[in-house]
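Structure below; questions to follow.
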Amino acid sequence: MFGLGFFEILIIFLVVIIFINPKDLPKVFRRLGRLVRQLRDIRDSSVQYMKKIEREIEEEERSSEEKEVESDPEQPDS
């Protein structure tokens, strides 16, 4: 995840333990978990919104192409 290896995660964990009181760690990790969950929800809703917009654009393009085909008289092959 995020391209972090074992040693990078270990260093981050040690820095967190040094700067944050061990008694407060559960609260910090709970807040971090909520933040990660919110970021995932934002990402998921953004992806869904973009897919919806993409489908709407494709539908509009198809309907405009169908209208063009219907409005143009058929050209005989020469």
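Read-outs: derived from the displayed coordinates by stated rules, not from any lab. Remember, predicted model here, so these are calculated numbers, not experimental data.
Just one of (i) 15.0; (ii) 13.5; (iii) 17.9 is Kirkwood radius over Cα pairs in Å calculated from these coordinates, so which is it?
Recomputing Kirkwood radius over Cα pairs in Å here picks out (iii).
What length, rounded to one decimal in nm, is gained on full extension from Ser64 through to Ile17, with 0.36 nm per residue of separation minus their alpha-carbon distance?
The span from Ser64 to Ile17 would gain 10.8 nm if fully extended.
Same structure again: Would you mind checking the tilt of helix 25-71 against the longest principal axis of the Cα atoms of the chain, expressed as 0 to 90 degrees and rounded to 10?
With both axes taken from Cα atoms, the answer is about 10 degrees.
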